[in-house]
Ligand code: FAD
């Protein structure tokens, strides 16, 4: 049963948490309450996203710097190639290094809304692989990159996408974090593919605990992730029942990490959406306890 599989989950699990920079003072309060709560679980790192088109540049930096100053956490700053020259991006990377940040999630980024294909900034990094190469020249960073178990929408084939991931790893990435997914088998198949491409860094599953199916549907398509029908069915009729939705959400995410754990996964990255509760519950079920080193 559920319980017996979790019983063996002791302290061999590593987790990391992803946050996005807050827009308003109210959102900032929510975020910081979540950070303080999740800090107890000793994550390996916490990452802060970089808004589409570089729109949150200042807010990302401020959040990352506040994490350095006010917590014991190791922050990872997301950085994209969008809308900036190589020199500008290199400068940001140097500033992070000087501020004590040693971990970066290197991404290409998405085209601006309305544009249907990505165009590199003239004088900018063309893609994530080039960005990784650039960061490597600047300092000794721990670098994560993105991976897509269902392939990136811009890739014609899964093979092309795996070639791209291989380039990012060859350029110096230390790990890949996956786009969220809802079928563990998709992830395990992807691991086999990575293996056959000689991609030999950890491929950490990105876990999205879903509480709001309607919102999810909206952004899943652009993220290159499919949303299975069963998930919609589970949330069907619960629009006005947020507490019930949370219980369903915890069960869905708990079952998914249980299956991943049973398949040998020991590193998990959580898309927290700046909320602590659900992620905390799932980590607890994985055997993680406050105050214990992972
Ligand atoms: P790349 O790895 O550069 O690849 C993008 C596509 O281009 C792939 O299909 C690839 O095959 C193709 N490609 C790249 N180079 C070549 C080449 N030389 N020849 C042919 N094809 C090529 N977005 C944000 O804006 N901010 C964030 O903070 C953010 N965080 C994310 C975190 C994670 C864990 C993940 C999974 C995604 C995140 N994203 C974020 C989304 C990401 O920016 C988009 O998915 C983007 O469209 C692709 O970025 P990438 O780094 O995967 O790109």
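Rule-based calculations on the coordinates, nothing more; no lab input. What you see is a predicted model, and the numbers here were worked out from it, not measured in a lab. As a convention, Cβ positions derive from the backbone with ideal geometry for all residues, glycine included, and neighbour counts pool all protein chains shown.
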Neighbour counts of other C-beta atoms within 10 Å: give me 32, 230 arranged from fewest to most. 230, 32
For n ≥ 4 DSSP H runs only, could you compute -39500 (n - 2.57) per run for the chain, divide by its residues and tell me the 222 nm figure to the nearest 500? -14000 deg cm²/dmol
What order do you get for 172-183, 233-244 when each peptide is scored by the mean count of other beta carbon atoms within 10 Å, highest first? 172-183, 233-244
What three numbers, in Å, describe the spread of the alpha carbons of the chain along their principal axes, ordered from the longest? 54, 44, 37
Please give the helix 57-70 orientation as an angle from the longest Cα principal axis of the chain, in degrees from 0 to 90, rounded to the nearest 10. 60
Helix 86-98: inclination vs the chain longest Cα principal axis, degrees, rounded to 10, gives 60
Where only C-alpha atoms are counted, convex hull volume of the stretch 89-239 per residue in Å³: 137
Put a dot 7 Å past each Cα toward the Cβ at residue 110 and residue 156; how far apart are the dots in nm? 2.5
